[in-house]
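Undergrad: Here it is, the structure, as structure tokens.
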Amino acid sequence: MCKVILLKCCGLCLYNDSYLDREDPDLPVCVEQTVLVWIPLTLLWLCAPWHLVTLCRRTQVNTKHLSKLYLCKQLVVSLLFLTAIAALAVTLGEDFGPNNDQPSTQKNPGVYYANPVLYAVSWVLVLLCQEGVRRTEGAVDSATLFTFWMLQVLCDIFPFQTLLREALRQGEISDVPRFCLFYIKFALELSAWILSAIADISPDIEERNPEAGAAFLSRITFNWINSMVFNGYKRPLVQDDMWELNEVDSTAYLNNNFQFFMQSELAAARVHLQNWLKKKEDRDRQKAQEEALQNGLSNGLGKGVSQDVLMMDEEHKDEKKKKKKKKEEKKKEDEDYPNSWLISTIYKTFKGILLESAFFKLLQDLLAFVSPQLLKLMIAFTQDKTSYSWVGYLYAVLLLVVALLQSLFLQQYFQRCFVLGMKVRTAIMAAVYKKALVVSNDTRKEATVGETVNLMSADAQRFNDVTNFIHLLWSCPLQIILSIVFLWLELGPSVLAGLVVMVLMVPINGLLATKARKIQIENMKFKDKRMKIMNEVLNGIKILKLYAWEPSFQAQVEGIRGQELTVMKKFAYLTSVSTFIFSCAPAVVSLATFAVFVAVSEENLLTAEKAFTSISLFNILRFPLAMLPMLIAAIVQTSVSKKRLEKFLGGEELESDIVQHDPTFDSAISIRDGSFAWEKEAEPLLNNVSLDIKPGRLVAVVGAVGSGKSSLISALLGEMHRKKGFINIKGSLAFVPQQAWIQNATLRDNILFGCPHETERFQKTIEACALVPDLELLPGGDQTEIGEKGINLSGGQKQRVSLARAAYSEADIYLLDDPLSAVDSHVGKHLFDKVIGPNGILKDKTRVLVTHGVSFLPFVDEIIVLVDGKVSEIGSYNSLRASRGAFSEFLDTYAKEQSNQDQSKKGNYSQDTEDVELIPESQDAQPDSPLEDTVSVTLKRENSIRRSQRGGSVRLRKNNSIKKSEDAGETKKGQKLIEKEAMETGQVKFSVYLQYLRAMGWGYAVIVFVIYFIQNIAFIGQNLWLSDWTNDAETYFNVTYPAWKRDTRVGVFGALGVAQGFFVFLGTFLLANASVAASRILHSRLLNNILRSPMVFFDTTPTGRIVNRFAKDIFTVDEAIPQSFRSWLLCLLGVLGTLFVICLATPFFAIIIIPLAFIYWFVQRFYVATSRQLRRLDSVSRSPIYSHFGETVSGLSVIRAYGHQDRFLKHNEITIDENLKTVYPWIVSNRWLAIRLEFVGNLVVFFAALFAVISRDSLSSGLVGLSISYALNVTQTLNWLVRMTSELETNIVAVERVNEYTEIENEAKWITDKRPPEKWPEEGRLQFDDYKVRYRPELELVLHGITCDINSTEKIGIVGRTGAGKSSLTNCLFRIIEAAEGRIIIDDIDISTIGLHDLRNRLTIIPQDPVLFSGTLRMNLDPFDKFSDEEIWRVLELSHLKDYVSGLQEKLQHEVAEGGENLSVGQRQLLCLARALLRQSRILILDEATAAVDLETDNLIQNTIRKEFSHCTVLTIAHRLHSIMDSSRVMVLDAGKIVEFDSPSNLLIKQGHFYSMAKDAGITQVEDTVL
């Protein structure tokens, strides 16, 4: 029927075989004029409605500019419309024209009418569609129109060549007008297609993001990122090179969407939870009633039973109950929050992108199965020598087209999945941050700051990783089913044999994985242990050097490292077993299948078609089988994260109505009968509190420790649960917490805290808060960057910044939670006078001040006294004193403490503070001292005042002008204390690879390479054998296949497969040994060198940076490098093997290799440079997210008090966006690379097929199958090779970083050839001979020519102001710093001539900070086990610790916690004394501990030293002059010179430097001080 209509329509036959069954095939004209016309037009008509919709929306006509491109497009289509009209006119003219000679029966066929009309209407439609695209917001071109034009041109190629061939055959053109019109139309269509590939970018799409202006072709090939890739190749990328994000990828947009769905889902989940709890309650009640009934019965019956049995019964019941209760509690905890809403929220938020990616994945999966079928046809073609060669070319082209489409779909799928992962992570991070700002205290208590930050980093990342591959959940089973179906069609039931083998692999892999996990956990334990010790070593490095204890700790670390490497070796062996199984799998599977296939029946011959189609199907099957178990494991891990996130995000929020803000009240703060608790269930901490505070009053809140002062402030801030009563606050709040909260921002930003900057107001604030002198000292003034947690400010400075923030905010009400406790009493007075007090800058505001400072109380308007959470009295200072209540008791308690402190500075308050200037601590040197660099100041002051725990950082000095050095502005060389860490850029040097190979051992490296090479040969051999085997099918055609031949074939095939596996196993095994050896060498080199580095290195390098070398970099060397090295080697050999096989089959292919290799290398170099830098930028921009979050969580109450939640949310969004700006290009750069490499891979397939067709006469079908099936596999391997190269390059950087620290200059040798006598120093005489020293070569001198003699057993006190060089002197004795000139002689030996350990072992120091290491008490006293237990007990007795230690359970084996946390400071100091007593050296240096020790311990130490060290030379660095008044002589240092050196009594008579210092300390004569 159809044919008849078409016959009428075309006037020609539609189709017959004769057209194709010849050497130069062609399509019938009828097909060209009907089917080929309809295909593109159908697409157009189907897609047109989408574009026309925008035209119908009249509401918001976007009359965008008419670009030249748009006009050209419309012009071309209009011309096409004219050609259609012309074609119709020609036909009409021919049929009905005046010169129509033909009889009416011979009219033109219907097609000549239908087509022009069809085209004319279609071109009008295209005109409308193009207008629609122009009006669409943000559209630059149309994918559908591009595809339509492409199809149109492709379909017109057939009539194009038909007409040409016809004209050439006839020698003339039979139908000139139609001939001309067709070629004009073709030229116009080609132009339209080219124009449709160009993006029509309007000027208002800025250059911020090229993606927005990318055309369809550029979008599918990711060409738009070219500019960034080129940039990255030319120079390392920086954050400024990143493009703006698309609106839909930005954090704010994602967060809004996510929150919208989350609220409804969460509400539903909460309702569900309520219902469930209600049901549970009802059930429990019923149970209880039933139990009660039963108990009643049993009691009646049990009267006769003996009491004992009953008792036992009861106990048993109780125990059962307890267990049950525990179980129930756990269950309750698990289900006590709304659950199972997160996944649905994520699904609803990102539904669109999920479905799109699923669609692409489905297409790609289906296309994957087309290639094996084409391969099968290709092999059949080479076997059938009669078929025409164009069939082969067609197959080759089809293989290329299928592969290209597959690549395009796969990359679009990956792009969407990775972007989805990124979006999910972003949404979760933003949600967690938003929640953290409003979370209630109950929820906050359940998770530490670290855990909450983990939600944001680890858990969000888990979701990211899983969503990348979520579609595999349905795609893997689909691929498995399809593979099995196609295999069944090839080989019948024998497939099951191979399948069974594959399925068996899964549990074996699972078993190995669980074993591996166990080993990993053990490994982590040793890692943690090693890192803990390393941390302590680095924190206490100074002590290790002073005591010469490095070898002991080096041995400890090496011991743990040894255990760690043993475990690592185990893990590596396990890996090699699983690699063996994994690499054997394909060989065994194909062996099982083929062996069963040929064994089942004699008719079953293995042909090339069957064998190679099956092998390519097995290759497809390997991926889903390997991925499924991994995916399931990942999902299990993510479900843990899901629970944690649901618990946190579904947790309770702060009630917003606790505090009311009603402006009609006349008092600023009023509480009526309020009771408040920290948790909902808890007892109230504050009971029946009623307060009324009038505006503008200064109210002090006092009370004993724990009476609820801070809780009162929290209640006013709305941070507590209200049990009853209400609070009203009139006006805005400012809050100063007890522990200052400082942001990682500039000092100015910390004070402004989001308010606009007004110079005058700012100046006034910092003057009042005593910050001016500090600003002069800080390198950048108020623009100085403050580190995390205010690390580069002292405690007092932090507190003053916190106060300045409040003062600047100009709020109505100030809540000050004991801000004066962290500062010195003088500074406290200044702050009270200038800021808080009746004459301060806040005098007109309402102030609530929690304080312990009794001295301020007379100046406040009102005092509230709290006792045990109740208000006990309220009134003015005098009325409360008179009433003799709780307040008087409080005064008595605190006045005693204060009077002790104030003894020395009596009368300081009576003076007017105007003439008392504030001198910041660190500039307390004498006026003539040169400006020093930060390093030396830090080093000098190490044992000085800052360490004493007086938090204040400003002291008062009367009428002494603040000296500002002229060149303070220019930062001197070395002025920066901490150098910025070098971030490696550019390519990794080849020498680094050689260093790693050298560490592995050249022998190992070569053997491993050779073994892998042999394995590759076995692999190729096996496949060549298979191709030879398949040729038997032709030899033994219609002949019985001999059994011996069959067995030989199967046997050799199997043997080669097993050999392959064995060599991989051997190679991996040896590589494991080699890499463990390399790890051992690199680590011990690093450790060895770090311990031998001079002290200055540790002072200028943050501990974290060194720890990072030992943690992350060593981890990379241990685990990542061997892994990526192995994969890289296997990939490389795989690619080379593939190319070899293809060249073997078709030698022509060798010509193509060179250009392909060039393209490949070119693309890879570009990619690696960019990707590496984007990775680095990603990790750099990721840490601010977490640190800002950690900061926010710790400063929550401050942020809430000031009401700045929105500002912080905004800041968080910006921070995450900065990170996304690097993550997004990284994702795209991966796709950019993949699509280009796959293109290279697809060309390999194409040329392999093409050359197979060209040389098919000389080829066996087996070789064709072999070379093409190899080629089909190469795409993935190529992709992997680049990934591995880039990963190896990223990882090998770790070796570079580790080596960087093994090349640090060492201090002097520990032991030299010249060794001092055994008993040296016997007398303990010290001589300084014109001794000069500087901390680093480029810095100023610190000691300027010290010359003095100290006799045996003299007791010398060393005094001087901060920075005078006291600590430097001790550092020189131990050669922590080496002499610049001059020498120190001890008992006639120049100390610079002997080894450091010989020197340091013979001197003893009791340092200012008692540093202990985790380990036993005994190890802390005697790490080398030199002394007997008796000696240790003797020194413990002398240092008053014997009673304490013998009272401990483990005595000397008692474990000391990290940093000695489980001992008091006094006990730690006494342990240091015990160390000194144990060493019994003739020279003792005492670096006096000031505030660390209470007076009692101090007394004990002093007495022991006097008694036990009476025969020694003792040098005491004193901070408290009392302790050295009984010295033989006192050395007064100033600016690195000795200014006075005599007995204390003589110095007091002299009335020089020492006299003025003694006077300050309140000492006037020597007798005063005997303790």
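Undergrad: Could you size up the charge dipole of the chain around its Cα centre, putting +1 on the beta carbon of Lys and Arg and -1 on that of Asp and Glu, and report it in debye to the nearest 20?
TA: 1900 debye
Undergrad: Let me cross-check Asp1425: its accessible surface, 1.4 Å probe, with only protein heavy atoms counted, in Å² to the nearest 10?
TA: The value for Asp1425 is about 110 Å².
Undergrad: Using the heavy atoms of the protein chains alone and a 1.4 angstrom probe, what is the accessible area of the chain per residue in square angstrom?
TA: 46 Å²
Undergrad: Still on this structure, I have one more. Which links in Lys845/Lys1210; Lys723/Lys843; Lys542/Lys1314; Lys730/Lys764; Lys709/Lys829 stretch past 23 Å when you go from one Cα to the other?
TA: From Lys845/Lys1210; Lys723/Lys843; Lys542/Lys1314; Lys730/Lys764; Lys709/Lys829, over 23 Å: Lys845/Lys1210; Lys723/Lys843; Lys542/Lys1314; Lys730/Lys764.
Undergrad: Rounding to the nearest 10 and keeping the result within 0 to 90°, find how far the Cα-based axis of helix 1495-1508 lies from the longest principal axis of the chain.
TA: Long axis of 1495-1508 versus the principal axis of the chain: about 80 degrees.
Undergrad: Same structure again: Leaving ligands, DNA and RNA out of it, report the carbon-plus-sulfur percent of the accessible area of the chain at a 1.4 Å probe.
TA: 59 percent
Undergrad: Using a 1.4 angstrom probe on the protein heavy atoms only, line up Met150, Met228 by accessible area, largest first.
TA: Most to least solvent-accessible, the answer reads Met150, Met228.
Undergrad: While we're looking at this one, here's another question. In terms of solvent-accessible area of protein heavy atoms at a 1.4 angstrom probe, what is the ranking of Arg697, Arg1434, highest value first?
TA: Arg1434, Arg697
Undergrad: Leaving ligands, DNA and RNA out of it, rank Ser1079, Ser656 by accessible area with a 1.4 Å probe, largest first.
TA: Ser656, Ser1079
Undergrad: Can you compute the helix-only [θ] at 222 nm over the chain? Use -39500 (n - 2.57) per DSSP H run of at least 4 residues, normalise by all residues, nearest 500 deg cm²/dmol.
TA: -20500 deg cm²/dmol
Undergrad: Determine the dipole magnitude for the range 429-525: charges of +1 sit on the beta-carbon of Lys and Arg, -1 on that of Asp and Glu, nothing else is charged, the reference point is the Cα centre, and the result goes in debye to the nearest 20.
TA: Computed about the Cα centre, the dipole is about 320 debye.
Undergrad: While we're on this one: Projecting each Cα onto the charge dipole of the chain (Lys/Arg +1, Asp/Glu -1 at the beta carbon, about the Cα centre), which of Asn223, Gly1104, Ala192 comes out farthest on the positive side?
TA: The listed residue farthest towards the positive side: Ala192.
Undergrad: In percent, what relative contact order does the chain have, based on Cα pairs under 8 Å that are 6 or more apart in sequence?
TA: 11 percent
Undergrad: May I ask what percent, to the nearest 5, of DSSP beta bridges between residues of the chain are antiparallel?
TA: For the chain, the DSSP antiparallel bridge percentage is about 55.
Undergrad: Same structure, new question: What is the packing order of peptides 86-98, 1179-1191, 752-764, taking the mean over residues of other C-beta atoms within 10 Å and listing the highest first?
TA: Final packing ranking: 1179-1191, 86-98, 752-764.
Undergrad: Write out the trypsin sites (Lys or Arg not before Pro) in the range 1307-1368 meeting two conditions: DSSP loop, and at most 15 other Cβ atoms within 10 Å of their Cβ.
TA: Listed in order of number, the matching sites are Lys1309, Lys1314, Lys1319.
Undergrad: Something else: Plugging the Kirkwood radius over Cα pairs into Stokes-Einstein for the chain, at a temperature of 25 °C and a viscosity of 0.890 mPa s, what D comes out in µm²/s?
TA: 60 µm²/s
Undergrad: Are any of the pairs Lys989/Lys1309; Lys532/Lys642; Lys423/Lys532; Lys351/Lys642 more than 29 Å apart by Cα-Cα distance, and if so, which?
TA: Correct reply: Lys989/Lys1309; Lys532/Lys642; Lys423/Lys532.
Undergrad: Let me ask something additional. Which ³J(HN,Hα) values, rounded to whole Hz and listed in residue order, are derived for the range 1522-1532 from phi using the Karplus coefficients 6.51, -1.76 and 1.60 in 6.51 cos²θ - 1.76 cosθ + 1.60 with θ = phi - 60°, glycine and proline given as x?
TA: 3, 6, 10, 5, 9, 6, 5, 9, 10, 9, 9
Undergrad: Provide the solvent-accessible area of Met630, counting protein heavy atoms only and rolling a 1.4 Å probe, rounded to the nearest 10 Å².
TA: Answer for Met630: close to 120 Å² accessible.
Undergrad: Cβ neighbours within 10 Å, averaged per peptide: list 866-872, 1138-1144, 1445-1451, 1539-1545 in order, most packed at the top.
TA: For the peptides 866-872, 1138-1144, 1445-1451, 1539-1545, the packing ranking is 1138-1144, 866-872, 1539-1545, 1445-1451.
Undergrad: If ligands, DNA and RNA are left out, what is the accessible area of Val577 with a 1.4 Å probe, given in Å² to the nearest 10?
TA: Here the accessible area works out near 60 Å².
The values are calculated or read from the model by the stated rules, or taken from the named source; none is laboratory data. Please read these numbers as outputs of a predicted model, since none were measured by experiment. Please note: Cβ atoms are built from the backbone with ideal geometry, for glycine as well, and neighbour counts cover all protein chains shown. Please note that ligands, DNA and RNA were not included when accessible areas were found on the heavy atoms of the full protein model with its side chains. Shrake-Rupley method; radii C 1.70, N 1.55, O 1.52, S 1.80 Å.
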